[in-house]
Amino acid sequence: MTLRKFAGLGALLSIVMPSLAMAADEVAAPVLNSGDTAWMMTATALVLFMTIPGLALFYGGMVRSKNILSVMMQCFAITGLISILWVVYGYSIAFDTTGMEQGVVNFNSFFGGMGKAFLAGVTPASITGPAALFPEAVFITFQMTFAIITPALIVGAFAERMKFSAMLIFMAIWFTLVYAPIAHMVWSGNGGLMWDWGVLDFAGGTVVHINAGVAGLVACIVLGKRKGFPTTPMAPHNLGYTLIGAAMLWIGWFGFNAGSAAAANGTAGMAMLVTQIATAAAALGWMFAEWITHGKPSALGIASGVVAGLVAITPAAGTVGPMGALVIGLAAGVVCFFCATTLKRKLGYDDSLDAFGVHGIGGILGAILTGVFAAPSMGGFNAATTDIAAQVWIQCKGVGFTVIYTAIVTYVILKVLDMVMGLRVTEEEEAVGLDLAQHNERGYNL
């Protein structure tokens with residue numbers, strides 16, 4: 001009887017044990033988190049919403065009426081162009097980690113491999129994220145929206161004077177040689193140049209805003225001033241569009257910053273809060289600085305202040321606390337106001353829609369102040385930031401490298417294109433307006 005019991009127990013174990021082993025394997029395998037997935041899909045839509053229609057309206061309202069369609073067309077064309085380049089090779093350049101090793105500087109520290117070209121190996125079952133919680137397809141699309149808006153921001157610097165054909169080729173080359181490599185250096189992980197330095201850039205202060213702002217400054221200088229600038233009045237033709245666009249950017253930026261947590265968690269929640277605080281502070285900072293300086297607050301000023309605050313908090317959104325965000329926002333509003341007005345007038349460059357004054361300066365300021373306010377002693381949440389001076393130096397290194405690399409490569413691209421095909425429309429086309437000259441359309445048919 002006892003032997004039969006043991007025999008029965010053995011038979012039972014022979015059935016149960018494989019099942020338990022299979023269950024253990026299933027537990028160990030990455031499991032998609034539907035909550036994180038839903039949030040990341042929402043954040044992705046919000047970031048795309050920032051470019052079309054947000055940035056298209058924001059920029060479109062600031063140009064003269066004869067150029068509104070040209071600016072909007074550029075935003076839409078860039079959205080299509082970069083989407084395709086991203087899946088062909090951009091995602092691979094930015095995030096393929098082949099050949100990378102922490103502490104080792106080699107070619108792959110600057111430029112990702114091509115193992116993910118044409119999204120090789122990506123299937124509905126591919127899962128990624130900090131803890132492998134959501135589809136890789138969602139991550140690819142989320143990062144694609146960042147790649148889209150960055151070159152679109154540059155449009156504001158050379159608005160009203162660049163040929164559409166030259167713009168398309170410039171953006172394709174700039175994306176390949178500047179955006180994707182900078183994204184790789186900052187975000188790809190161990191072995192990435194600026195990642196290994198310890199540069200803090202939660203959602204793109206360096207990758208997006210300094211990158212685009214510096215490229216915009218170089219572009220507006222290489223192309224030269226608009227005909228009649230600065231003596232001819234070139235007032236925005238529809239500030240209502242600009243305010244609507246700024247509101248869309250403000251809302252969409254929650255996807256930009258909170259989405260960069262790559263999960264629906266406490267970091268995302270804090271990123272949302274500090275984004276709101278910094279943006280509100282910057283809007284008021286710009287408004288009061290303009291009020292004191294020029295005697296009246298303007299709608300264009302407060303809209304610009306909103307964007308300055310959004311830009312400045314971007315690198316810090318995942319590491320600073322509410323009071324740090326307040327200081328960063330106020331500083332951004334005041335500093336960007338003076339750079340977009342006084343500094344631009346003194347230096348004489350024609351940054352049409354203040355891409356450098358807002359995105360370049362705001363990104364630099366935010367990146368450096370991240371080194372201060374990420375420290376727990378300053379209310380931040382980055383436990384590794386125990387030496388503020390050391391972190392600020394690291395942030396300055398990241399800013400300096402990005403400024404120099406972007407400026408040099410952007411300048412070379414533009415000069416070569418200018419020699420090959422010409423960058424600028426003719427004086428007659430500029431006088432008529434790019435809507436008619438480049439697209440044979442009018443924004444307004446009265």
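The values are calculated or read from the model by the stated rules, or taken from the named source; none is laboratory data. Please read all numbers here as calculations on a predicted model, not as lab measurements. Here the Cβ is made from the backbone with ideal geometry for all residues, glycine too, and neighbour counts use every protein chain on show. For accessibility, only protein heavy atoms count, side chains too; no ligands or nucleic acids. Shrake-Rupley method; radii C 1.70, N 1.55, O 1.52, S 1.80 Å.
When Gly228, Gly240, Gly245 are checked against the criterion of being in contact (Cβ under 8 Å) with a residue 40 or more places away in the chain, more than 20 Å from the chain's Cα centre (by Cα) and over 29 Å from Glu136 (Cβ atoms), a single residue qualifies: Gly240. For the range 392-408, taking the residues that are without any contact (Cβ under 8 Å) to a residue 24 or more places away in the chain and closer than 20 Å to Trp187 by Cα, the one that is surrounded by the most Cβ atoms within 10 Å (Cβ to Cβ) is identified as Trp393. As a summary of the residue check, Phe202 satisfies the conditions (1) farther than 20 Å from Gly54 by Cα; (2) in a helix (DSSP H, G or I); (3) touching a residue at least 40 places away in the same chain (Cβ under 8 Å) except for the one numbered (2). Residue pairs whose Cβ atoms lie under 9 Å apart, separated by 6 or more positions or on different chains, with the first residue in the range 77-98 and acidic (Asp, Glu) and the second open to solvent by 30 Å² or more (accessible area, probe 1.4 Å), are Asp96/Asn108; Asp96/Met114; Asp96/Gly115; Asp96/Lys116.
Okay, residues lined up against (1) under 17 Å from Met194 (Cα atoms); (2) in contact (Cβ under 8 Å) with a residue 12 or more places away in the chain; (3) open to solvent by 10 Å² or more (accessible area, probe 1.4 Å); (4) of a type in the set (A, V, I, L, M):
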{"residue": "Leu353", "(1), (2), (3), (4)": "no, yes, yes, yes"}
{"residue": "Gly366", "(1), (2), (3), (4)": "yes, yes, no, no"}
{"residue": "Val372", "(1), (2), (3), (4)": "no, yes, yes, yes"}
{"residue": "Thr385", "(1), (2), (3), (4)": "yes, yes, no, no"}
{"residue": "Ala390", "(1), (2), (3), (4)": "yes, no, yes, yes"}
{"residue": "Thr410", "(1), (2), (3), (4)": "no, yes, no, no"}
{"residue": "Gly422", "(1), (2), (3), (4)": "no, yes, yes, no"}
{"residue": "Glu428", "(1), (2), (3), (4)": "no, no, yes, no"}
{"residue": "Gly443", "(1), (2), (3), (4)": "no, yes, yes, no"}
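Inspection of the range 182-204 finds a residue satisfying the criterion of being open to solvent by 10 Å² or more (accessible area, probe 1.4 Å), among the aliphatic types (A, V, I, L, M) and out of contact with any Phe, Trp or Tyr (no Cβ under 7 Å at 6 or more places or on another chain). For the range 56-92, a residue qualifies if it is open to solvent by less than 10 Å² (accessible area, probe 1.4 Å), β-branched (Val, Ile, Thr) and within 25 Å of Gly192 (Cβ to Cβ), and exactly one does: Ile82.
Going through the range 280-299 one residue at a time, which ones are touching a helix residue (DSSP H, G or I) at 6+ places or on another chain (Cβ under 6 Å) and crowded, with 18+ Cβ neighbours inside 10 Å? Once the filter is applied, which keeps residues that are touching a helix residue (DSSP H, G or I) at 6+ places or on another chain (Cβ under 6 Å) and crowded, with 18+ Cβ neighbours inside 10 Å, the range 280-299 yields Ala281, Ala282, Ala283, Gly285, Trp286, Met287, Ala289, Glu290. Does the range 126-136 contain at least one residue that is more than 15 Å from the chain's Cα centre (by Cα), β-branched (Val, Ile, Thr) and at pLDDT below 95? Yes, because at least one residue in the range 126-136 is more than 15 Å from the chain's Cα centre (by Cα), β-branched (Val, Ile, Thr) and at pLDDT below 95.
Say whether the condition of being modelled with pLDDT of 95 or more and under 20 Å from the mean Cα position of the chain (by Cα) is met by at least one residue in the range 284-295. No, the range 284-295 has no match at all.
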